């Protein structure tokens, strides 16, 4: 998915965002529910106030970050559900920190 296509999705769903350099920063107050998208463009930061639901996502390129304030991230197609319940979770390492590291390393491309 290109940044332009992703921005169209955000506008259609009425999610607030800002362009900061080459990044799309999602700033909506609540949950982000993008159930049907299968990929994200590089340079997306989720900084929303709630949970992120990406049920059908199959590709997360390096440059995507989850800094949302919600409890976890829902990645059904990639992890089989919540990032916090994933069997590869490491005790005492926050699920979003581990997820961001894995994305940075290119695990989901």
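Throughout, read-outs are computed from the coordinates displayed, never taken from laboratory work. Bear in mind that the values here come from a model prediction, so they are computed numbers and not experimental data. Cβ sites come from the backbone with ideal geometry, for glycine too, and all protein chains shown count toward neighbours.
One table, with the values for the structure above:
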read-out: Anisotropy class of the stretch 15-67 from Cα gyration tensor, a/c 1.5 cut; value: oblate
read-out: Beta bridges per DSSP with both ends in the chain, % antiparallel, nearest 5; value: 40 percent
read-out: Highest-fluctuation residue, 33, 11, 96 considered, GNM on the chain with Cα pairs under 10 Å; value: 11
read-out: Between helix 95-104 and the chain: long-axis angle, C-alpha atoms, 0 to 90°, nearest 10; value: 70 degrees
read-out: MRE, 222 nm, helices only [DSSP H, n ≥ 4, -39500 (n - 2.57), over the chain, to nearest 500]; value: -6500 deg cm²/dmol
read-out: Gyration tensor verdict on the stretch 1-42 (Cα atoms; rounded if a/c is under 1.5, prolate if a/b is larger than b/c, oblate otherwise); value: oblate
read-out: R0 of 30 Å, Cβ-Cβ distance residue 91-residue 67: FRET efficiency to nearest 0.05; value: 0.85
read-out: Extended-chain gain in nm, criterion 0.36 nm per residue less alpha-carbon gap, residue 9 and residue 109; value: 33.9 nm
read-out: Degrees between helix 3-13 axis and first principal axis of the chain (Cα, 0 to 90, nearest 10); value: 90 degrees
read-out: Full-extension gain in nm, residue 100 to residue 20, via 0.36 nm per residue minus C-alpha separation; value: 26.9 nm
read-out: Structure-derived Kirkwood radius over Cα pairs in Å - corresponding label in [x] 14.2; [y] 13.7; [z] 13.2; value: [y]
